[in-house]
Amino acid sequence: MAARPERRPRRALSGLVFGVIALVWGYNWVVLKQAMREAGPFEFLAWRFAIASACLFGALAALRRPLRLTHAPQVLLIGLLQTTATFALVTWALVAGAAGKSAVLNYTMPFWVVLFAWPVLGERPPPAQRAAIALAFVGLALLVHPGAHAGLSELLALASGVAWALGVVVTKRLQTRERVDTLSLSAWQTLLGGAGLVALALAFPSRAMSWSPQLAFAVLYNGVLVGAVCWFLWFWALQNLDAGLASLGILSVPVLGVLFGVVLLGERPSSLEWWGIAAIVAALCVIALGALRRHG
């Protein structure tokens, strides 16, 4: 069914907003990699999510949205999975790992969502999604097999994608059962998950943060632009953009992460790693095109 004329400008604006989000998130893999040279991963994340929480709760107050925490156990679990575990694992991976490869492994999240949603939400994957999962595991095998010199950083990045997927499934389960204000949920899970990162920073202290203009930029870029503004824009765009188009848009983030890593950080994936990256991106395309066909 064609979009109604009055919706077309909003959908076009949503597409533009989504492009900005993908560019900001894609470039952030370089920002994070450079920041890890001057800060410990947990301390950096504690600063990032403290700033992001302040911005999100400020937005709630300015928009006069509900500030009260509802469904506390579920929101706490979402925060621990989607913020504490996901970002702790992937940022730790960036300490020694390549930005591009970490981006691709982190964005295996959609495959794990399909697998977890089957038993938890009763969403049986159609044949195309099963084929995409098989293709994705071929790509993973090429990226993390022993000959690819896979190590702890690759396993941490992959685990971050699993934790992110679990957070998505728990979020979806909550949203299908209860009426939840999206901005409030984002703010509270950011605050609670950020508190978990503060606890990690206190429990596992690393070297003192070497504050410099570059590190200050990285903290503000992540806290304000990535963690608050783009998450707010993400939820706004999802309300006005078909799910399939949104899925296609998110594909550009790991691709941009790889390209920025090559151009700006001098990373040089091996030929097998390039094939693995290509297989995972192709599998993501299969899933996104399936969503586009169902919702378009």
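The values are calculated or read from the model by the stated rules, or taken from the named source; none is laboratory data. Computed from a predicted model, the values in this text were never measured in an experiment. Ideal geometry is used to build each Cβ from the backbone, glycine not excepted, and the neighbour counts take in all protein chains shown. Note: accessible area is taken over every heavy atom of the protein model, side chains too, but ligands, DNA and RNA are not part of it. Shrake-Rupley method; radii C 1.70, N 1.55, O 1.52, S 1.80 Å.
Residue-by-condition table, conditions (1) at pLDDT below 85; (2) among the hydrophobic types (A, V, I, L, M, F, W, C):
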| position | (1), (2) |
| --- | --- |
| 164 | no, yes |
| 182 | yes, no |
| 187 | no, yes |
| 194 | no, no |
| 202 | no, yes |
| 236 | yes, yes |
| 243 | yes, yes |
| 252 | yes, no |
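Among the residues of region 91-116, those that are open to solvent by less than 30 Å² (accessible area, probe 1.4 Å) and either closer than 20 Å to residue 191 by Cβ or among the aromatic types (Phe, Trp, Tyr) (or both) comprise 91, 107, 111.
What number of residues in region 17-54 are of a type in the set (A, V, I, L, M) and more than 15 Å from residue 229 (Cβ to Cβ)?
Keep residues of region 17-54 that are of a type in the set (A, V, I, L, M), which gives 17, 20-24, 30-32, 35-36, 39, 45-46, 50-52, 54.
Subset that is more than 15 Å from residue 229 (Cβ to Cβ): 30, 32, 35-36, 39, 45-46, 50.
So the count comes out to 8.
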